[in-house]
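Comments concern the structure below.
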Amino acid sequence: MKEAMLYEKLQDGRVRCGVCPHHCVIAEGKRGICAVRENREGTLYALNYGKAISVAIDPIEKKPLNHFLPGTTA
């Protein structure tokens, strides 16, 4: 877990997230609409930092390198 970027500290321990157009105002101990940013003691933390979002292995034939090591994955 890492402290998030693009947020603003407000009164009463609340924070305003600035990542998406929702600009969520998040109370202490709560999460924004995206559910991956959480306010802990007036600091916004990104709960998904360093985690893979998607993993896909494509055959090399789909790439513009179709004659480079045929049958391998990219």
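The numbers here are math on the coordinates, done by the rules we state, and not lab data. Here the structure is a predicted model, which means the values were calculated and not measured. So basically every Cβ, Gly included, is an ideal-geometry build from the backbone, and we count neighbours across all protein chains shown.
Can you give the local net charge around residue 25? Use residues other than it whose beta-carbon is closer than 15 angstrom to its beta-carbon, Lys and Arg +1, Asp and Glu -1.
Neighbourhood net charge equals +2.
Considering only the other residues whose Cβ falls under 15 Å of the Cβ of residue 11, what net charge follows from Lys and Arg at +1 and Asp and Glu at -1?
Net of charged neighbours comes to -1.
How much length, in nm to one decimal, is gained on full extension between residue 20 and residue 35, taken as 0.36 nm per residue of separation minus their Cα-Cα distance?
4.1 nm
Express in nm, to one decimal, how much length is gained between residue 54 and residue 27 on full extension, taking 0.36 nm for each residue of separation and deducting their alpha carbon distance.
Computed gain between residue 54 and residue 27 is 6.7 nm.
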